[in-house]
1. Could you go through region 214-231 and let me know if any residue there is within 19 Å of residue 328 (Cα to Cα), buried (at least 22 other Cβ atoms within 10 Å of the Cβ), in contact with a helix residue (DSSP H, G or I) (Cβ under 6 Å, 6 or more places away or on another chain) and of a type outside the set (Phe, Trp, Tyr).
2. With the condition kept exactly as written, say whether any residue in region 232-240 is within 20 Å of residue 151 (Cα to Cα) and touching a Pro at 6+ places or on another chain (Cβ under 8 Å).
3. Among 259, 291, 323, 334, which is in contact (Cβ under 8 Å) with a residue 40 or more places away in the chain and under 17 Å from residue 168 (Cα atoms)?
4. So which of 160, 131 ends up being of a type in the set (D, E, K, R), touching a strand residue (DSSP E or B) at 6+ places or on another chain (Cβ under 8 Å), more than 16 Å from ligand 1 (Cβ to nearest atom) and closer than 30 Å to residue 251 by Cα?
5. What about residue 13, is it of a type outside the set (A, V, I, L, M, F, W, C) and crowded, with 19+ Cβ neighbours inside 10 Å?
6. Could you check, for region 45-58, whether at least one of its residues is open to solvent by 40 Å² or more (accessible area, probe 1.4 Å) and within 18 Å of residue 170 (Cα to Cα)?
7. Between residues in region 48-70 that are under 19 Å from residue 332 (Cβ atoms) and residues that are open to solvent by 30 Å² or more (accessible area, probe 1.4 Å) and outside any strand (DSSP E or B), which pairs lie under 7 Å by C-beta distance while being six or more apart or on different chains?
8. Output yes when any residue across region 119-131 is within 16 Å of ligand 2 (Cβ to nearest atom) and open to solvent by less than 20 Å² (accessible area, probe 1.4 Å), and no when none is.
Amino acid sequence: MKAVVCIKPGLLQNSEKDKPSPKQGEVLVKIKSIGICGTDIHAYGGSQPFFEYPRVLGHELSGVVEASGEGVSIANGSSVYIIPYMSCGQCIACRNEKPNCCTDIAVLGVHRDGGMCEYVCVPESAVVKTDGLSFNEMAVIECLAIGAHAVRRAQITEKDTVLIQGAGPIGLGALQFAQGAGAKVIVSEVFEQKRQFCKEQYKVHGTVDALGDVNAQLSELTQGEFPTVIIDCTGNVKAMESAVNNLAHGGKIVFVSVVKAALSFDDPEFHKRETTLLGSRNATLEDFEHVVSSLKNGKVRIEPFVTHKAKFSELIPAFKEWVKPETGVIKAVVELD
Ligand SMILES: [Zn+2]
Ligand SMILES: [Zn+2]
């Protein structure tokens with residue numbers, strides 16, 4: 001089968017690999033669509049923590065079950081999306097129903113080879129059959145689930161004013177789920193074009209120029225009360241650290257993006273607000289199911305958000321374009337026949 005391998009940072013290569021065959025409890029999925037994620041871009045750029053090369057990237061995947069090993073009940077021909085987080089089922093996190101932060105987690109395309117290829121074998125528990133969604137919608141479920149998980153972490157309600165820091169695909173997902181929960185949403189973003197996009201497509205309450213005086217802009221948009229929830233989707237040290245100063249008293253901060261750095265903040269600022277600081281990692285089946293129902297009932301839309309597409313044979317040249325910010329990619333997907 002054909003596969004695209006990230007040999008080292010900055011180098012993708014077409015290669016031939018053996019088509020895998022499913023072991024007991026596994027299914028063979030013929031890949032139909034691959035969402036390109038920040039994780040893929042950071043792995044290619046060499047800035048992704050927890051990463052080894054060479055690696056087949058790609059963890060936002062949908063396809064069709066083509067064969068299965070012993071003991072599998074899902075029928076061949078089923079259209080599925082893949083939950084790319086393989087958890088151990090036994091560690092402290094798994095026992096406490098938090099498999100998304102399993103101590104021994106293996107994420108497809110990160111810790112083990114992913115789906116930038118024609119076929120993958122995964123445990124049956126990693127595939128979810130879904131009818132009524134396109135393969136492209138199913139491929140980006142994972143990305144949206146990350147945003148849905150962050151919103152669930154903060155238990156957002158209609159009483160909240162939520163600041164989303166960074167209008168990349170994860171931020172845009174979080175934005176839609178926060179709005180779905182009834183909250184008022186403000187977006188802070190460096191690029192004017194993206195701020196405009198959020199106003200036009202998602203009718204956000206306001207936008208903030210992340211390069212300007214963020215505190216003053218937020219104060220104006222919230223009558224001096226500040227956002228009750230800040231969700232960081234930038235992975236930018238300065239944006240993450242300043243969240244403590246830009247939060248409403250009694251508010252919550254959720255760090256979704258991970259940054260390879262130590263963070264520091266002023267403790268009196270943190271304490272006087274009785275800040276709740278939450279990490280958000282991956283997502284769980286509950287989040288995936290929430291995304292699927294939100295796509296089906298139209299509460300979340302991917303059309304404005306999937307800006308670029310390519311065929312698998314064009315993956316490498318397309319990917320090299322998509323990593324450049326000037327290409328204006330929000331979300332790109334790669335389609336297979
Ligand atoms: Zn992703
Ligand atoms: Zn575990």
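1. So far as region 214-231 goes, no, none of its residues is within 19 Å of residue 328 (Cα to Cα), buried (at least 22 other Cβ atoms within 10 Å of the Cβ), in contact with a helix residue (DSSP H, G or I) (Cβ under 6 Å, 6 or more places away or on another chain) and of a type outside the set (Phe, Trp, Tyr).
2. Keep residues of region 232-240 that are within 20 Å of residue 151 (Cα to Cα), which gives 232-236, 239-240.
Of the ones still in play, those that are also touching a Pro at 6+ places or on another chain (Cβ under 8 Å) are none.
Checked against the condition, which is being within 20 Å of residue 151 (Cα to Cα) and touching a Pro at 6+ places or on another chain (Cβ under 8 Å), region 232-240 yields no hits at all.
3. Details: 259 fails: in contact (Cβ under 8 Å) with a residue 40 or more places away in the chain; 291 fails: under 17 Å from residue 168 (Cα atoms); 334 fails: under 17 Å from residue 168 (Cα atoms).
Checking each option against the conditions leaves just 323.
4. 160 is the lone residue from the list that is of a type in the set (D, E, K, R), touching a strand residue (DSSP E or B) at 6+ places or on another chain (Cβ under 8 Å), more than 16 Å from ligand 1 (Cβ to nearest atom) and closer than 30 Å to residue 251 by Cα.
5. It is false that residue 13 is of a type outside the set (A, V, I, L, M, F, W, C) and crowded, with 19+ Cβ neighbours inside 10 Å.
6. Checked against the condition, which is being open to solvent by 40 Å² or more (accessible area, probe 1.4 Å) and within 18 Å of residue 170 (Cα to Cα), region 45-58 yields at least one hit.
7. 48/39; 48/42; 55/113; 56/113; 59/39; 62/135
8. There is at least one residue in region 119-131 that is within 16 Å of ligand 2 (Cβ to nearest atom) and open to solvent by less than 20 Å² (accessible area, probe 1.4 Å).
The values are calculated or read from the model by the stated rules, or taken from the named source; none is laboratory data. Everything numeric here is computed off the predicted structure, so don't read it as measured data. In this analysis, Cβ positions are derived from the backbone assuming ideal geometry, glycine residues included, and neighbour counts consider all displayed protein chains. Calculation scope for accessible area: heavy atoms of the full protein, side chains included, ligands and nucleic acids excluded. Shrake-Rupley method; radii C 1.70, N 1.55, O 1.52, S 1.80 Å.
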